[in-house]
1. Could you compute the FRET efficiency for D137 and S219, with r as their C-beta to C-beta distance and R0 at 22 Å, rounded to 0.05?
2. Which trypsin sites (Lys or Arg not before Pro) does the stretch 1-81 hold that lie in a coil by DSSP with at most 13 other beta carbons within 10 Å?
3. Measuring from label point to label point, each 7 Å out along Cα→Cβ, what is the R97 to R34 span in nm?
4. Shape verdict for the stretch 99-186, please, from the Cα gyration tensor: rounded (a/c under 1.5), prolate (a/b greater than b/c) or oblate.
5. In a Gaussian network model over the chain where Cα atoms closer than 10 Å are linked, find which of A42, A105, A177 has the largest mean-square fluctuation.
6. When the chain is treated as a GNM, springs tying every alpha-carbon pair under 10 Å, which of A20, A155, A221 comes out with the largest mean-square fluctuation?
7. Calculated FRET efficiency, A226 and W7, Cβ-Cβ r, R0 22 Å, to nearest 0.05?
8. Normalised by the number of residues in the chain, what is the relative contact order in percent for Cα pairs under 8 Å and 6+ residues apart?
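Please treat every number below as a calculation from the coordinates, not as lab data. Remember, predicted model here, so these are calculated numbers, not experimental data. So basically every Cβ, Gly included, is an ideal-geometry build from the backbone, and we count neighbours across all protein chains shown.
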Amino acid sequence: MLWYKAWRESSLRFLISSAAITLMCLIYTLFQSRLYPIVVHAQPRIHNYTQYIHWTIFGGATRGILQLSCLLLGLGGLQRERKQNTLGFTLALPASRLSLIASRAALGLLQVLALAIIPSLVIPAASHLVGQQLPLDYSLRFIPLWTVGGIFTYAISFLASVVFSSEYVSLAVAYLAYIFYLAAARLPSLSPFHLHVADFMSGLLPHYLDRSTMLWASSYAIAPIAGFFVAATVLLALSGFVTTKQSL
């Protein structure tokens, strides 16, 4: 019941996000013969198809679509229902507030995972159709990075949705907080800690990829993945704590 309720609340945003990411992957692969020269002109460092795919999908606009999707998926919850005058019905259900928010958070994590998997399903097959080759292993290694980075992004929006009653305010606060965080992560004093989640998702930090070839390096560090996941867990736990203490 709680999972179904959470799904009904977020299904449209999830399906639109899935369609957008799939469409972006298909456009950049199926129309690569036309888009490749344009991208190369903008990024002279691109010399082959693998680099092109990275700069357009795994480290480019498609990754940005995933991040925006995660911010949108984090919206909703009890504050939204109070705004819609349906909170009384929800609180009357035989479930605690913690159960309500936990089911919503768990579904959100699964949705982020599903979005992160899409490129690995679409790109190798679409590339084959246009006579290009992209090893499946290349795209599969991005799944943990996109998943954990996406969950961290989702958790920021999730917390904002718990604190603010208006979805528009929640989205604005989450987006601005996210932008300021990304800017702060590039400060010289913080850059050694590899806190920039967008670069992390792109495989650029901490040197998952060789920047000159955009191929995977020999090492695949687990610590940054664990670090972003722990940070996301803390934000989600804080959201649950705030919800249990709120006067709704």
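1. Working: r = 15 Å, r/R0 = 0.69.
Calculated value: 0.90.
2. R45
3. 5.3 nm
4. On the way: a/c = 2.88, a/b = 1.94, b/c = 1.48.
Here the stretch 99-186 falls in the prolate category.
5. A42
6. Looking only at A20, A155, A221, the largest GNM fluctuation is found for A221.
7. E between A226 and W7, to the nearest 0.05, is 0.15.
8. Across the chain, relative contact order equals 26 percent.
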